[in-house]
Amino acid sequence: MTKHQQGAEPRRRPHSSPPRAPLLLAAGVVALLLGVVGVVWAAAGVLIAALILGVLTVVLTVLVLRAERRLAHLAAHDPLTGLPNREFFMDRLAEELARAPQTDRRRRLALLFLDLDHFKVVNDGLGHTAGDRLLGEIGRRLRGLVGGVGTVARFGGDEFMVLCEDIDDDEAARELAARLTAAVGLPIVLSEHENEVFVTASVGIALSNGHDTADSLLRDANAAMYRAKEQGRARLEVFDPRNRDRAVDHLRTGNALHRALERREFEVHFQPVIDLEAGRVTGFEALLRWRHPERGLVAPGDFIGRAESTGLIVPIGAWVLAEACRQAARWQAAHADGPPLTISVNLSPRQLAEPSLPAEVARIIAETGVHPDSVWLEITETTLMHDAESAIGTLEALQAQGVHIAVDDFGTGYSSLSYLKRFPVEALKVDRTFVDGLGRDAEDTVIATACVSLAHALGLTAIAEGVESPAQLAELRTLGCELAQGFLFAAPTSAPDLGEHPVESLGNWAGLVADAELAAPLRR
């Protein structure tokens, strides 16, 4: 393996050489003038004065050269860790990529992109000084482990890069990454007054293929690192070209989302919620759809995550709630003689975390004229448990306005029963994954049964999602589930297609629900 000394100065390209400081330039001019004066005095016979000036000239020249070297080092290294900085590292990476084909076409470089997980917690909890000490210790560990067989650099923030040459294959790169993450994961004592601190790192690995540039290899390692983050952190991922495709699609989706709301590309579709005892429509769930001008109707799974990560879900979610409430008010006005239709709307984690959410909901209800008693806000089990104490306060403020709260996707998260009892919720929605296996998968049936039983034990309404077959409907009736929705009854449909009288247009499922083959007494 080619060896590099970590303290070696970079072979810098002309454009990246640090400019001389004005003070150093002035010192150089003074040294030159002193030298000239010394020569003149020597020629005039003033020997002692000339010697003194000569010594001063030499000393000043040495000081200038040392200062220049110091400036060059500072320009190429991170002051916190002493590691090469981004500019130096990218120069080195470009040089090694250019040299690799000339020495051995089979020679491969491995680029490892390390990002510390949840480093912000250290800064927020212990302060930035402690965070700086932690970064310095991580830098020393990485440099000590890699030694002279590669280059370690700090890219900025909590990001570190490692470049190694002559890597045989993916497995060798994985082994190196595993050693690096093990070193990072060892306990760190930041001061004698503090307990040990443990951190983990997510690592992306990219191997050169003979056609890379420094920027493209960095891009690939970065994409792999973010893939490791998405898969749960504290892990490593080798770059897969499909990661790049996902990253490009992710970027394009994010860019398009910024314009989608103002261009009115979003639509709200409505899926009926059925009373399993009466076999009639009791309300609708509002579901977001994106009609992209080029991609057509985009599924929520392809853009909701991006909207959540960028914060765009907050204005989008407010728009969905307003549209759903506005449509519900129209249907309620046209359906004045029948039972009031309810409208259910999903709230995202970012929306629930917004302090202005209760005021926003109150504003929308007032503007649309919908009766608050007909509005149901659905929040996933995982979202509720993310910050349970804060969620309780927000939900109580929402319930005080007269709206209802339901726990969505119940059974997929990790609820605390004590918290579940404290949450001001009135319904549990059994996740479709358990409904799908009802009657044919023993585990799914047990979980669905437990969810419905728990809802009833807490005095809550049980709602089943994703009902697609008469057999599932029969099982749900046997369990005593009150409400259900799914393709067995109707797919999500736009408001224009449902018309002004959706209950009549959708028909009545009393016959299906009461079918002799499926009939089963409700157990209350």
Selection status of residue 293, surrounded by fewer than 21 Cβ atoms within 10 Å (Cβ to Cβ) and not small (Gly, Ala, Ser): yes
Candidates 334, 353, 318 - the one that is aliphatic (A, V, I, L, M) and at pLDDT 95 or above: 318
Subset of region 231-254 (residues that are part of a helix (DSSP H, G or I) and loosely packed, with under 12 Cβ neighbours inside 10 Å): 241, 242, 245, 248, 251
Among residues of region 420-456, those that are within 18 Å of residue 466 (Cβ to Cβ) and out of contact with any Leu (no Cβ under 8 Å at 6 or more places or on another chain), counted: 15
Residue 234 being outside the structural domain of residue 326 (by TED's automatic domain parsing), at positive phi and at pLDDT 85 or above: yes
Search result, residues across region 347-374 that are farther than 17 Å from residue 423 by Cα and touching a strand residue (DSSP E or B) at 6+ places or on another chain (Cβ under 6 Å): 374
Scan of region 468-492 for residues that are among the aliphatic types (A, V, I, L, M) and over 18 Å from residue 428 (Cα atoms), ordered by number: 471, 474, 488, 490, 491
Some residue of region 456-468 being at pLDDT 90 or above, among the acidic types (Asp, Glu), over 19 Å from residue 284 (Cα atoms) and surrounded by 18 or more Cβ atoms within 10 Å (Cβ to Cβ): no
Failed item, numbered, when residue 263 is tested on (1) assigned to a helix (DSSP H, G or I); (2) farther than 26 Å from residue 159 by Cα; (3) not hydrophobic (A, V, I, L, M, F, W, C): (1)
Positions within region 229-243 being touching a residue at least 40 places away in the same chain (Cβ under 8 Å) and of a type in the set (A, V, I, L, M, F, W, C), in sequence order: 234, 236, 238
Every residue from region 457-484 that is more than 25 Å from residue 270 (Cα to Cα) and within 36 Å of the chain's Cα centre (by Cα): 458
Criterion: under 19 Å from residue 408 (Cα atoms), surrounded by fewer than 20 Cβ atoms within 10 Å (Cβ to Cβ), in contact with a helix residue (DSSP H, G or I) (Cβ under 7 Å, 6 or more places away or on another chain) and touching a residue at least 40 places away in the same chain (Cβ under 8 Å) - qualifying residue of 286, 318, 329: 318
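The values are calculated or read from the model by the stated rules, or taken from the named source; none is laboratory data. Only a predicted model underlies this, so the values are computations on that prediction, with no experimental measurement involved. Reconstructed Cβ throughout: ideal geometry from the backbone, glycine too, with neighbour counts over all protein chains shown.
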